[in-house]
Every structure is written in structure tokens, then in C-alpha cells.
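Take a look at the structure set out below.
The values are calculated or read from the model by the stated rules, or taken from the named source; none is laboratory data. Nothing here was measured: the structure is a model prediction, and the numbers come from that model. In this analysis, Cβ positions are derived from the backbone assuming ideal geometry, glycine residues included, and neighbour counts consider all displayed protein chains. For accessibility, only protein heavy atoms count, side chains too; no ligands or nucleic acids. Shrake-Rupley method; radii C 1.70, N 1.55, O 1.52, S 1.80 Å.
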Amino acid sequence: MADFQHIVVLTGAGLSAESGLSTFRDKDGIWAKHDYREVATPQGFERNPLLVHEFYNQRRRALAGVGPNAAHVALAKLEREYEGEVTIVTQNIDPLHEAAGSENLIHMHGELLKALCARCGTRHAWEQDLGLETPCPACGKTGGMRPDVVWFGEMPYHMEEIAEELIAADLFLSIGTSGNVYPAAGFVAEARAHGAHTVELNLEPSEGVSFFAETIHGPATQIVPAYVERLLNR
Ligand code: APR
């Protein structure tokens, strides 16, 4: 295994599946039970904010008692022990990377445990239910609080920082993501175009499998710790 200096890890819902959190597109996934146009678009929020609040309130409540798994823990170990730079870019809105100890972490789709006031633009750590009557802790106004989550049709967060990471990366790992949603699904091509070695670690081949130089398929809690040990003991 080569001597990589700058590792960028893209993670998706499959990383948190073995912690008990549903993925989106597997057969019993979230989008099999909910219409994303109703619960994960600004238009859906405009039409029926109560439905959207209830959807995210349920997901926030479902975090109770859920912890990081061996794959999250292995990635935190990699960041701690690897000589080179390790950056995680996650599509996940759950707090499991942080719970495992990861620090160099970019939440490109936002965070379930944060709320955003659409009236004054402030963000707030948030563990309780949100609703139309919830006043913003900063401006005090109601009716503008929403989950600090990026909805379909909205621009993901930290895209400039992510672009710099993809240019600097010499190893790009993609873990637990189906490769259906852009811009994340395009990161492998970006990283490869700048010379990175690219590896897919996923339960099954993703939509973007052909972009990867190397693929390892299996459950994240098995394949990720094994791959991290190879990096740390090369
Ligand atoms: N270990 C490894 N991979 C797994 C596991 C597991 N235990 N379980 C499922 N997977 C894989 C699936 O094979 C699938 O390829 O994880 C992937 C999950 O894909 P999606 O459900 O499409 O989730 P993700 O790619 O993260 O979705 C991207 O879409 O819905 C939006 O904003 C949402 O961030 C999300 C984005």
C-alpha cells in the first residue's frame, strides 16, 4: 500500500446502518416510506411544515440510544493515528462520527441536532422537537425554525472547503453511499482527476462503482476496520 499524505473519506447512510439507522434507498429505506418531495424539499416545507417537522422530529427522537459502530470508531482511530491528513466529508446528518471521536469532519448535508432560523439565519444546537410555534433563541420569532438539514434543490454546505480537499487528496475513500446524489456522487471523479487513488467500501457495488480504481464490498463494520488497519500498518 502506498504512502498516502492526504486521505479524504466520503461517508453515507450505509456507514450508520449497523448502528440501527435506516438508509434511504435500500428496500426498507426511508424513501420507501416517505415521499422525499414532501418531507425533504423547501417546497414541501412551504406546503406542509407540520409534516416536515414531524418527519425530522421522529428521526431526531430515533437517535436516542443509538451509538457509533466499529466503522465509525475505526475512522476516528485513523484520524488520530495516521501520520498524514485525514478528512471526513459526510452526507450523514447523524452525530455518530463525532460520538466516535472524529474531529476533522465536514457535514455537507447539515446536522439533525441543529436548528436553523430562516428569519434571522442563526443556527442552534437542538435536541428537542421543532414546530411552527418554536421561537428562535436569537430573534424570538416563531414560524421560521427548521432542521439545519440540506434539502433536495438546496446547495450543500462547505462546498469550497470540500473542493480544496478533493484537489489535495491522494487517497479518496467512499464508504456506505449509493452514488445516487450529486454533488457527492461526483467527488470520486474530482479526486481521481487530481491524481488520487480511489477506493469504494460498500455493502454492494454503488451506481458509481466504475469510477473507482479499487472496490471492497461487505458490511462497513467488517471492511472499514480491516482497511484502516492496512493503512496504519503498511
Ligand atoms: N455497510 C456498508 N454499506 C452499506 C451497509 C452496510 N452495513 N448497508 C447499506 N449499505 C450501502 C447500500 O448498499 C447503499 O449503496 O449504503 C448505501 C446507502 O445508500 P443510500 O441509502 O442511497 O444513502 P446515501 O448514499 O447516503 O444517500 C445520499 O441522499 O437521500 C439523500 O440527503 C440524503 O445524504 C443522503 C443522500
Within the chain, helix-based [θ] at 222 nm, where runs of 4 or more DSSP H residues each add -39,500 (n - 2.57), nearest 500: -8500 deg cm²/dmol
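Given the Cα atoms of segment 54-132, and with Rh set as the inverse mean 1/r over their pairs in the Kirkwood sense, what is Rg to Rh to two decimals? Working shown, then result.
Numbers: Rg = 14.4 Å, Rh = 14.0 Å.
My calculation of the ratio gives 1.03.
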Sequence-distant residues sharing a close amide H with Val9 (under 5 Å, placed H): Thr87, Ile88, Val89, Leu173
Taking θ as phi - 60°, what are the ³J(HN,Hα) couplings along segment 167-174 by the Karplus curve (6.51, -1.76, 1.60), each to the nearest whole Hz, with x for Gly and Pro? 6, 7, 5, 10, 9, 10, 10, 10
Just to check I understand the Karplus step: with θ = phi - 60° and J = 6.51 cos²θ - 1.76 cosθ + 1.60, what whole-Hz values come out for segment 117-131, glycine and proline as x? 8, 6, 8, 10, x, 7, 10, 9, 4, 8, 10, 8, 5, 10, x
For a bin width of 10 Å, list the pair-distance distribution of segment 68-200 built from all Cα-Cα distances, rounded to whole %. 11, 36, 32, 16, 5, 0
Compute the distance in nm between two label points, each set 7 Å from the Cα along the Cα-to-Cβ direction, one at Arg119 and one at Met159. 2.9
Summarise the accessible area of segment 100-193 (1.4 Å probe, protein heavy atoms) by the percent that is carbon and sulfur. 51
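Given a 1.4 angstrom probe, what's the average accessible area per residue across segment 1-143, in square angstrom? Intermediate results must be reported in sequence, preceding the final value.
Details: 6870 Å² over 143 residues.
With the other protein chains kept in place, segment 1-143 gives 48 Å² per residue.
Chymotrypsin sites (Phe, Trp or Tyr not before Pro) within segment 1-99: which are DSSP loop residues with at most 15 other Cβ atoms inside 10 Å? Mind showing how you got there, number by number?
Details: sites: Phe4, Phe24, Trp31, Tyr36, Phe45, Phe55, Tyr56, Tyr82; in loops: Phe4, Phe24, Tyr82.
The qualifying sites are Tyr82.
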For segment 7-26 and segment 44-68, what is the centre-to-centre distance using only Cα atoms, to the nearest Å? 18
Average projected area of the Cα convex hull of segment 159-224, in nm²? 4.1
Among Leu75, Gln58, Thr23, which residue has its Cα positioned farthest towards the positive end of the charge dipole of segment 1-108, with +1 placed on the Cβ of Lys and Arg, -1 on the Cβ of Asp and Glu, and the dipole taken about the Cα centre? Gln58
One computes Rg over Rh for segment 11-76 from alpha-carbon atoms, with the Kirkwood Rh, and obtains 1.04
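With only alpha-carbon atoms in the gyration tensor, what are the semi-axes of the equivalent ellipsoid for the chain, in Å, largest first?
Values: eigenvalues 202, 63, 58 Å².
Those come to 32, 18, 17 Å.
Using only the Cα atoms of segment 1-129, what semi-axes does the equivalent ellipsoid have when each is the square root of 5 times a gyration tensor eigenvalue? Give whole Å, largest first.
Numbers: eigenvalues 174, 57, 38 Å².
Values for segment 1-129, descending: 29, 17, 14 Å.
Loop-only check: which GluC sites (Glu not before Pro) in segment 6-94 are DSSP coil with at most 14 other Cβ within 10 angstrom?
Working: sites: Glu18, Glu38, Glu46, Glu54, Glu79, Glu81, Glu83, Glu85; in loops: Glu83.
Taking segment 6-94 and a limit of 14 other Cβ atoms within 10 Å, the loop GluC sites (Glu not before Pro) found are Glu83.
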